[in-house]
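Below is one structure, written out as structure tokens; comments come after it.
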Amino acid sequence: MPEETVIRKKTALSGIQPSGNLTLGNYLGALSNFSEFTSEYNCYYCVVDLHSITVRQIPAELRRRTYEVLALYISCGLDPEKCTLFVQSHVHEHAELSWMLSCFTMFGELSRMTQFKDKSAKHADNINAGLFTYPVLMASDILLYQADVVPIGQDQKQHLELARDIAERFNGVFSPTFTVPEPYIPKIGANIMSLAEPTKKMSKSDANENAVIRILDTRDVIIKKFRRAVTDSDTCVRYADGKDGIKNLMTIYSCFTGKSYDEIEREFDGRGYGDFKSAVGEVCADGLQPVKERFDKLMADKPYLESVMRDGAEKASRAAGKTVSKVKRKLGFVTL
Ligand code: AQP
């Protein structure tokens, strides 16, 4: 093919923090969508351990969860031969670009980030600079690989918009350098809510275990947690305002069965909440079962996971190094 007709394969990138045991929110909002991109996109999926230390972590747990998130990537259908799976701290360019881009990010922009406000309120004793500059590191993760698309849940949309603004600002000052990324937010499942407080997002760091379904929870635990899920004083399974708990359960049921809200309303017409909650628990436990089986096998083979990390870091570093060199040149740094 003549050089001018070669079309660049588009790039997809996303990451998950090893900051707790992954939830159904992480699964439906992000992880379960990652493999859709592997046939048509050049895919990079990373375990973003640098992000996770914005909140205090127990080192041994952080190490274990880093392996676990990587194993979950593979268990959810990502083939390390077809995409680049890596750990963020293994590629030093993330931290390097983050510093350079922090000089192109305004204090006011970072102050407006809702995640910063939420996490500052939750961790009032540790409002560190990393928590504040987290979105710059996220922008660097994305822009380093010239990502065209970033599959994320709804809660990360504001950070993605900031990454776009930073890219456009840098491109405007220095000529096109970064691809301006687009978010991919699933139509359904982008905002899975807590089972205990359905107006609040389901979060892996939630202290209330009953609020959160973990991908690795056993079948019995999943079913029990759904039975305890907060609903309302009505008895009718309907997708309507004021019924946040039921809407959340309908969303989860829809994600696993592919049924529309109308179909779900008809299916549970005249059957109380008890029946519905049990059905949601069953489809969720069934859906997660194969992931868990693959996960257990992978976790028993650490050398394999380490070889995936090593190969991934090597491939990612090559791409990241090119972008960082380009940025340094444009900024006027001396290259030897
Ligand atoms: N409740 C959710 N519904 C849908 N998507 C969600 N995501 C997170 N929670 C939900 C998506 O999962 C991806 C990875 O998230 P993350 O690890 O970067 O951190 P987060 O968004 O801060 O997720 P958590 O679970 O709430 O972590 P903690 O408790 O550590 O802060 C992202 O694409 C996110 O949108």
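Only the coordinates and a few stated rules stand behind these numbers; no lab work does. Bear in mind the structure is a predicted one, so any value in this text is a computation, not a measurement. Methodologically, a virtual Cβ is constructed for each residue, glycine included, from the backbone with ideal geometry; neighbour enumeration extends over all protein chains shown.
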Post the alpha-carbon centroid distance, the stretch 77-141 to the stretch 258-336, in whole angstrom. 18 Å
All Cα pairs of the chain, percent lying beyond 30 Å: 39 percent
Tell me whether the stretch 254-317 comes out rounded, prolate or oblate; compute the Cα gyration tensor, take square roots of the eigenvalues as a ≥ b ≥ c, and use a/c under 1.5 as the rounded threshold. prolate
Alpha-carbon spread of the stretch 209-296, three principal axes, descending order, Å: 40, 26, 20
Listed by chain and number, the residues whose amide H is under 5 Å from that of TYR184, excluding neighbours fewer than 5 places away on the same chain and using placed H, are VAL150, ILE152
Lone cysteines in the chain, going by a 4.7 Å Cβ-Cβ cut-off? CYS46, CYS76, CYS103, CYS236, CYS255, CYS284
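Roughly how many debye, to the nearest 20, is the charge dipole of the stretch 190-336 about its Cα centre, given +1 on each Lys and Arg Cβ, -1 on each Asp and Glu Cβ, and no other charges? If you can, show how the numbers build up before the last one.
Working: 28 positive and 23 negative charges, 251 e Å.
For this selection, approximately 1200 debye.
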Would you pull out the residues with amide H under 5 Å of GLY15's amide H, same chain only if 5 or more places away, H placed 1.01 Å from N? CYS46
Provide the per-residue ³J(HN,Hα) series for the stretch 10-22, in order, calculated from phi with Karplus coefficients 6.51, -1.76, 1.60 and θ = phi - 60°, each as a whole number of Hz, with x at glycine and proline positions. 6, 10, 10, 9, 7, x, 9, 7, x, 9, x, 6, 4
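Order these by the 10 Å Cβ neighbour count, fewest first: ARG329, ARG164.
Details: ARG329 13, ARG164 18.
Sorted ascending by nearby Cβ count, the order is ARG329, ARG164.
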Please work out whether the stretch 162-276 counts as rounded, prolate or oblate from its C-alpha gyration tensor, where a ≥ b ≥ c are the square roots of the eigenvalues and a/c under 1.5 means rounded, while otherwise a/b larger than b/c means prolate and anything else oblate? prolate
With θ set to phi - 60° and the Karplus curve 6.51 cos²θ - 1.76 cosθ + 1.60, what are the ³J(HN,Hα) couplings of the stretch 250-262 in order, to the nearest whole Hz, using x for Gly and Pro? 5, 4, 5, 4, 5, 4, 7, 10, x, 7, 7, 4, 4
Give me the dipole magnitude in Debye, nearest 20, for the chain about the Cα centre, with unit charges on the beta carbon: positive for Lys and Arg, negative for Asp and Glu. 660 debye
Whole-percent pair-distance distribution, where bins are 10 Å wide, for the alpha carbons of the stretch 115-203: 16, 38, 33, 12, 1
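Among the listed pairs LYS10/LYS82; LYS10/LYS157; LYS157/LYS302; LYS82/LYS315, which have their C-alpha atoms separated by more than 23 angstrom in this model?
Numbers: LYS10/LYS82 14 Å; LYS10/LYS157 20 Å; LYS157/LYS302 34 Å; LYS82/LYS315 12 Å.
Pairs exceeding the cut-off: LYS157/LYS302.
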Treat each spin label as a single point 7 Å out from the Cα along the C-beta direction, and report the ASP262 to TYR239 distance in nm. 1.0 nm
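Got a sec? How would MET113, MET138 order by Cβ neighbour count within 10 Å, fewest to most?
Values: MET113 18, MET138 24.
Ascending number of Cβ neighbours within 10 Å: MET113, MET138.
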Which one of ASN33, LEU78, ALA124 is farthest out on the positive end of the charge dipole of the chain, using unit charges on Cβ (Lys, Arg +1; Asp, Glu -1) and the Cα centre as origin? ALA124
Reachable aspartates and glutamates, given that their alpha-carbon falls under 17 Å from the alpha-carbon of LYS9 and they are not under 8 places away in the same chain: GLU36, GLU40, GLU81, ASP148, GLU182
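Among ILE142, ILE7, what is the fewest-to-most ranking by other Cβ atoms within 10 Å?
On the way: ILE142 28, ILE7 6.
Ascending number of Cβ neighbours within 10 Å: ILE7, ILE142.
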Taking the simple approach of a point 7 Å from Cα along Cα-to-Cβ for both LYS122 and SER175, what is their distance in nm? 4.4 nm
